[in-house]
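Undergrad: I'd like to ask you about the structure that follows.
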Amino acid sequence: MKNSLGREIPETIKGYYKEVKPFTGAYDNMADIIKTQVRAKSIMPDEKKVLDNLEEVIKKSGLKDGMTISFHHHLRNGDYVVNMVMNQIASMGIKDIKIAASSIFPIHSPLIDHMKSGVVTGLYTSYMSGPVADAISEGILENPIIMHTHGGRSRAIESGDIKIDVAFIASSTCDSYGNINGVYGKSACGVLGYAISDAYYAEKVVAITDNLVSYPVCPIEISQDYVDYIVVVDKIGDPEGIVSGTTRITKDPIGLKIATLAAKVIEASGLLKDGFSFQTGAGGISLAVAASIREIMKDKNIKGSFMSGGITGYMVDMLEEGLFDSILDVQCFDLRAIESLKNNKSHQPMTATMYGNPHNKGAVVNNLDLMILGATEIDTDFNVNVTTGSNGIIMGGSGGHSDTAAGSKLAIVVSQLFKGRLPVIVDKVTTVSTPGETVDVLVTERGIAVNPKRQDLIAKLEKSKIKVMSIEKLKKIAEGITGKPMEIETDERIVAAVEYRDGTIIDIVKKIKR
Amino acid sequence: MVINKPARAGTLESSDIYIMVQPNQGQGIEIQLDSIVLKQFGKQIQNVMRQTLKDLEIEDIKIIANDRGALDYTIRARLETAINRAN
C-alpha cells in the first residue's frame, strides 16, 4: 500500500514491533491519549541502592533474553555507557536484546560485534551516524530497526509502544539514593531531557555514574523515586566527545549568502517582532542565520520570548545580551550551554516529551514562531530527507526535525543548492523524514522557493520585493550545473522503518546494493 | 598526445578531483575511479574523461582518480593539466 506521500509501505513488515500504520497526514492522529502502566517494585527503608558493579546491577535488574533496554545520548560521541553495559551483558551470555537508544554515534561501533553474535537483535533510535549506521544499512540485523523523532520516541515510550525493561541512565552526578543531574561532575553533559521518559516508564532504572555525591544532590533533574539501582564506574564518558565541535558560524561565503537571504525571508514574514521565538540547529549555516537574526533584533530593538532545542553558546550569548527572555533546553551542545543552565534561572531544562511529543497537552514546538532546518535532500513536494545520504546509507535521522517543522509557524530549510555535486532538490527524496506539508520555505544561495500551500507567505515576500521561484525551477538550475544524478539501486530487504512523530510509518529504508 | 611519465593534478578538497596519470604503452585506456558520488555520477565522470582523452587524441593511458564531487569542467581541467604535466 502507499501512504499519503506516495511511499510504498508493505501491509506487514517482518519483525516490526507493532501493527503497520501508514502515514496519513501530519496532524491526523491527534486523538485521545492513553498512557501505559508501569510495574515497579517499592523499596524498603533500609535497602541500599548503590551496588558493587555492573554485573550485580544487571543480575538484580532481572534482565533476560529478549528484553528491551534503553540509553540516552547526552554524552553524544563521548559516551562510554552503551558499550560498557553491552559488553557486560554479552559476557553474561544474555542474548536477543533490543536497544532503545535516543541516538547512536561512531563511538558505539562495538555494537556491530554484538549484533553479529546475536546479543543485540533490535534497535530503536532517533538518529544514528557512523559504523553502526553503515552496518544497519548493509543489513546486519534480520529485522528492521525503528527510527523515530525525538518527540516520537517519548510518545512511543509513554504509550507503551516501546516497553523498556531496564533503562541505563548515564548520570554525570548522582547521589546515594538516585537523584540525578547532568550539570556537575567530570563528565557533565547538561540537560538530561531525552532520558526522562525512560526513567518514568522503564520497569527498572539504573543510574550509572562517575560522580557519586552525598544525599541529596542539587539540582535534581531525575528524582530518586524513579531509580532502582546505582553503580559507580571510573568514567561514563570522554568530555572531548560530549561537547560538540560543530558550533561555529560558517565562514563560507555561500553559507553566509544563504543566511542573509533567510534573514530577509524571516523579516518579511512579519514574525520577527516582540515576543519572537525560534530554534535552530548547531550547523554552520543555521548558526549564521541566528547571527543575522541577532543583528536585526539589535537594530530594531526587538525583544524575543524564547529559544529552544539543543542549545549552543551562541544562544546563550543572545540570552545574556537580553535579546530573549529565556531558553528552553532539551540538550546542551557545549560547555557554555552547560554553564548557563547551571547559573541562569532563565535557562530552563525541558524533557523530550515537553519538547516535541505530539501526544501530550501541548509541546514546546507548538509555541515556536520560527524553525531553521537542514536537509540532505528536499523534493518538489517539499518532503525532506535527513535520514539517509543520497547513496541510501543511513547517516542521520529526524531527531527534532519533524517535531519542530510540524509545530512552528514558519519552518525554513537552509541548504546549499548542491553539495559535492549532489543537488539538494530531487524528484523524490531517497527517504522521507519530514513531510512537505510541514515545510514552508527552502532557501539556497541561488534562490528561494516557497511551498505553494503558503500563498500568504508568497504574497508577503513579494510585497517585500524578495524574489521567489518555484522549487522546480530551482531544481533545474541545480541540474544545469551538476547534471542529473542516476538513481541508486536498493535491495528488497527492509533495514529500517521510519516513523513519523505519531507512530505511523512515513517511509522505509531498504538495504543498499553493493 | 603520448603519456611519457607519471604526473598529477588536483586536490582532495570538496568539489575537486585528484587525478594521477601514468604511461600505459599499448594497453589502451584504463581508468580507476573512486568518487563520493560514484553511484550517482560514476558513469558521467567516466564519460567526461573519455571525451577529454578523445579530444586530446590519447589512446594509451592509466588514470587513477579520487573525486570529491567535482563538476564536469573541473574534471576536464584537472585531467588536461595532469596530461600536460606528463608530456
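Undergrad: Ignore the peptide's own chain and count Cβ atoms of other chains within 10 Å of each Cβ in A:416-423; give me the average, rounded.
TA: 5
Undergrad: Kirkwood Rh, Cα Rg: Rg to Rh for chain B? Provide the component values of the computation, followed by the final result.
TA: Details: Rg = 11.6 Å, Rh = 12.5 Å.
Ratio of gyration radius to Kirkwood radius for chain B: 0.94.
Undergrad: Now, a different point. With N denoting the number of residues in the range A:53-242, provide Rg(C-alpha) divided by 2.2 N^0.38 Å, to two decimal places.
TA: So the range A:53-242 has a normalised radius of gyration of 0.94.
Undergrad: Oh, and also: In nanometres, what is the gap between the two model label sites at A:Asp456 and A:Asp65, each 7 Å from Cα along Cα-to-Cβ?
TA: The answer from the label model is 5.8 nm.
Undergrad: Considering every pair of different Cα atoms, what Kirkwood radius, in Å, is found for the range A:211-338?
TA: Hydrodynamic radius (Kirkwood, Cα only) of the range A:211-338 equals 16.8 Å.
Undergrad: Need one number: nm distance between label points at B:Tyr73 and A:Asp96, each 7 Å from Cα along Cα→Cβ, rounded to one decimal.
TA: So the two model labels end up 6.2 nm from each other.
Undergrad: Here's something else I'd like to know. For the ranges A:359-365, A:24-30, A:194-200, what's the packing order if you count other beta-carbon atoms within 10 Å of each residue, average per peptide, and put the highest first?
TA: Packing order, densest peptide first, comes out as A:194-200, A:359-365, A:24-30.
Undergrad: So, with +1 on the Cβ of K and R and -1 on the Cβ of D and E, and no other charges, what is the size of the charge dipole of the protein assembly as shown about its Cα centre, to the nearest 20 debye?
TA: Around 1120 debye, computed over the protein assembly as shown.
Undergrad: May I ask you to derive the FRET efficiency for A:Lys300 and A:Ala31 from their Cβ-Cβ distance with R0 = 45 Å, giving the value to the nearest 0.05?
TA: 0.60
Undergrad: Oh, and also: How shielded is B:38-49 by partner chains, expressed as the average number of their Cβ atoms within 10 Å of its Cβ atoms?
TA: The mean count of partner-chain Cβ atoms within 10 Å per residue comes to 4.
Undergrad: Which cross-chain or sequence-distant (5 or more) residues have an amide H under 5 Å from the amide H of B:Ser35, H modelled 1.01 Å from N in plane?
TA: Amide H to amide H, under 5 Å and 5 or more residues apart or across chains, B:Ser35 pairs with B:Asp67.
Undergrad: Which one of B:Ala82, B:Gln27, B:Ser15 has its Cα pushed farthest toward the positive end of the charge dipole of the range B:7-85, where Lys and Arg give +1 and Asp and Glu give -1 at the Cβ?
TA: Checking the options against the dipole of the range B:7-85, the answer is B:Ser15.
Undergrad: Also, I was wondering about something else. Apply the Karplus parameterisation 6.51 cos²θ - 1.76 cosθ + 1.60, with θ equal to phi minus 60°, to every residue of the range A:22-38 and state each ³J(HN,Hα) to the nearest whole Hz, in sequence, with x for glycine and proline.
TA: Computed from phi, the couplings for the range A:22-38 are x, 4, 10, x, 5, 10, 7, 10, 9, 7, 4, 9, 10, 8, 7, 8, 10 Hz.
Undergrad: I need to check one value: relative contact order of the range A:26-118, counting alpha carbon pairs closer than 8 Å and at least 6 residues apart, in percent.
TA: For the range A:26-118, the relative contact order is 31 percent.
Undergrad: So what is the relative contact order of chain A, in percent, for Cα pairs below 8 Å that sit 6 or more residues apart?
TA: 17
Undergrad: Let me ask something else about it. Count the DSSP beta bridges whose two residues both fall in the protein assembly as shown, then state the antiparallel fraction as a percent rounded to the nearest 5.
TA: Among the beta bridges of the protein assembly as shown, antiparallel pairing accounts for roughly 30 percent.
Undergrad: OK, next. In a solvent-free Debye calculation with one equal scatterer on each Cα, what is log10 I(q)/I(0) for chain A at q = 0.09 Å⁻¹, listed in the order of the q values?
TA: With one equal scatterer per Cα and no solvent, log10 I(q)/I(0) is -0.61.
Undergrad: Around A:Val120, which amide H atoms from residues at least 5 apart in sequence, or from another chain, sit under 5 Å from its own amide H, with H modelled in the peptide plane?
TA: A:Asp96, A:Ile97, A:Met115
Undergrad: So who's got an amide H within less than 5 Å of the one on A:His73, skipping anything under 5 residues away but keeping other chains? H placed 1.01 Å off N, in plane.
TA: Correct list: A:Ser102, A:Ser103.
Undergrad: Where does each of A:255-267, A:381-393, A:459-471, A:143-155 land if you order them by average Cβ count within 10 Å, highest first? Before the final figure, lay out the partial values.
TA: Numbers: A:255-267: 21.3, A:381-393: 24.1, A:459-471: 14.1, A:143-155: 29.0.
Final packing ranking: A:143-155, A:381-393, A:255-267, A:459-471.
Undergrad: Under the definition of partner shielding as Cβ atoms of other protein chains within 10 Å of a residue Cβ, what is the mean value for peptide B:63-72?
TA: Averaged over the peptide's residues, the number is 2.
Undergrad: Dipole of chain B, Cα-centred, from +1 at each Lys and Arg C-beta and -1 at each Asp and Glu C-beta, to the nearest 20 debye? Write out the running numbers ahead of the final one.
TA: Numbers: 11 positive and 11 negative charges, 20 e Å.
With Lys and Arg at +1 and Asp and Glu at -1, about 100 debye.
Undergrad: Place a +1 charge on the Cβ of each Lys and Arg in the range A:253-483 and a -1 charge on the Cβ of each Asp and Glu, then give the dipole magnitude about the Cα centre in debye, rounded to the nearest 20.
TA: Once rounded to the nearest 20, the dipole reads 480 debye.
Undergrad: Quickly estimate the mean residue ellipticity at 222 nm for the protein assembly as shown, helices only: each DSSP H run with n ≥ 4 gives -39500 (n - 2.57), and the total goes over all residues, rounded to 500.
TA: -8000 deg cm²/dmol
Undergrad: What FRET efficiency do you get for A:Asp46 and A:Thr12 if R0 is 30 Å and r is their Cβ-Cβ distance, rounded to the nearest 0.05?
TA: 0.05
Bear in mind these aren't lab numbers, they're just calculated from the coordinates by the rules spelled out. Just so it is clear, the model here is predicted, and its values are computed rather than measured. Note: ideal-geometry Cβ built from the backbone for every residue, glycine included; neighbour counts use all protein chains shown.
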